[in-house]
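**Q** My questions all concern the structure below.
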Amino acid sequence: MKKSLTRLRLINWHYFEDETIAFNGATLISGINASGKSTILDAVKMVLTVDTRHFNIAANENSKRDLMGYVRCKLGEDGRAYNRDGVVISHVALEFCDEDKKKNFVLGVVHTSNDEQSQILSKWYIAECNLDELTFVVGERPATPKELRSNLILLERKDARERFLSRLGRLDEKFFEMIQKAIAFKPMRNVKDFIKNFLLTESNVDFESLKET
């Protein structure tokens, strides 16, 4: 039942305009400051947790980065707030290999920002295919949610959380907290508590039955 992350597709995600990043087992992400390490981790975490908050905690637990800054590429210099203007569409997609079924599937999200003042619209999805079977670019522009693939079911956040947990292996809600803590800048000092609270399912032990055996 193992699911392995194989590729990540980023379009209009901070400084990544159109990139595909491959993963192979345990992957080391290295680079100088501001090279995009935390930006990649935030993309993965955002999809896995279906959460568009708490960005850049891998580098700074007090970070003020937000979704608008990632989608429109916040500069913080030369008098302009963002690098992208007009209507901006951003794609973040994770490709997994389901090793039990010997097939790929994709968990992803499409963000649409109409302007700097309006709330960003996010649509999540599960696609039973690989990244190459999805249309991320139409002509020279990012695809709209409906252009990604015919008959693709787009999900709101609540439904996406339930569907993602099921597709990843019938996980429970603790998975979301586990991913947040695993990527957080603040180190976990008590591994035993982390395992007990986020990995193991709490259950009552029938000691009388154990004595009889």
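The values are calculated or read from the model by the stated rules, or taken from the named source; none is laboratory data. Predicted model, so just to flag it, every value in this text is computed and none were measured. All Cβ positions, even for glycine, are placed from backbone atoms using ideal geometry, and neighbour counts span all protein chains on display. We work out accessible area using only protein heavy atoms, side chains counted, and drop any ligands, DNA or RNA first. Shrake-Rupley method; radii C 1.70, N 1.55, O 1.52, S 1.80 Å.
**Q** Could you say which residue among K211, K192, K181 is at pLDDT below 80, among the basic types (K, R) and within 25 Å of the chain's Cα centre (by Cα)? Lay out the reasoning, then the answer.
**A** Values: K211 fails: within 25 Å of the chain's Cα centre (by Cα); K192 fails: within 25 Å of the chain's Cα centre (by Cα).
After ruling out the rest, the residue left standing is K181.
**Q** So E17 clears everything in (1) open to solvent by less than 70 Å² (accessible area, probe 1.4 Å); (2) at pLDDT 85 or above except one condition, right? Which one?
**A** With (1) open to solvent by less than 70 Å² (accessible area, probe 1.4 Å); (2) at pLDDT 85 or above applied to E17, the lone miss is (1).
**Q** Just to be sure I understand, how many residues within the stretch 123-169 are open to solvent by 50 Å² or more (accessible area, probe 1.4 Å) and either of a type in the set (S, T, N, Q) or assigned to a loop (DSSP other than H, G, I, E, B) (or both)?
**A** Here the count works out to 10.
**Q** On to the next question. Could you please let me know if K74 is surrounded by 13 or more Cβ atoms within 10 Å (Cβ to Cβ), touching a Lys or Arg at 6+ places or on another chain (Cβ under 9 Å), modelled with pLDDT under 95 and among the basic types (K, R)?
**A** Values: surrounded by 13 or more Cβ atoms within 10 Å (Cβ to Cβ): yes; touching a Lys or Arg at 6+ places or on another chain (Cβ under 9 Å): yes; modelled with pLDDT under 95: yes; among the basic types (K, R): yes.
Yes, satisfied.
Residue-wise test of (1) open to solvent by less than 60 Å² (accessible area, probe 1.4 Å); (2) aromatic (F, W, Y); (3) at pLDDT 95 or above; (4) at positive phi.
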{"residue": "F23", "(1), (2), (3), (4)": "yes, yes, no, no"}
{"residue": "L28", "(1), (2), (3), (4)": "no, no, no, no"}
{"residue": "G31", "(1), (2), (3), (4)": "yes, no, no, yes"}
{"residue": "S38", "(1), (2), (3), (4)": "yes, no, no, no"}
{"residue": "K45", "(1), (2), (3), (4)": "yes, no, no, no"}
{"residue": "T52", "(1), (2), (3), (4)": "yes, no, no, no"}
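**Q** Any residue in the stretch 128-139 that is of a type in the set (F, W, Y), at pLDDT 95 or above, within 16 Å of the chain's Cα centre (by Cα) and under 18 Å from A43 (Cα atoms)?
**A** Looking for residues that are of a type in the set (F, W, Y), at pLDDT 95 or above, within 16 Å of the chain's Cα centre (by Cα) and under 18 Å from A43 (Cα atoms), one finds none in the stretch 128-139, hence no.
**Q** Under 8 Å between Cβ atoms, which residue pairs at least 6 apart in sequence (or on different chains) link something in the stretch 20-44 that is within 17 Å of T6 (Cβ to Cβ) with a partner that is open to solvent by less than 70 Å² (accessible area, probe 1.4 Å) and assigned to a loop (DSSP other than H, G, I, E, B)?
**A** I40/I29; L41/I29; L41/A58
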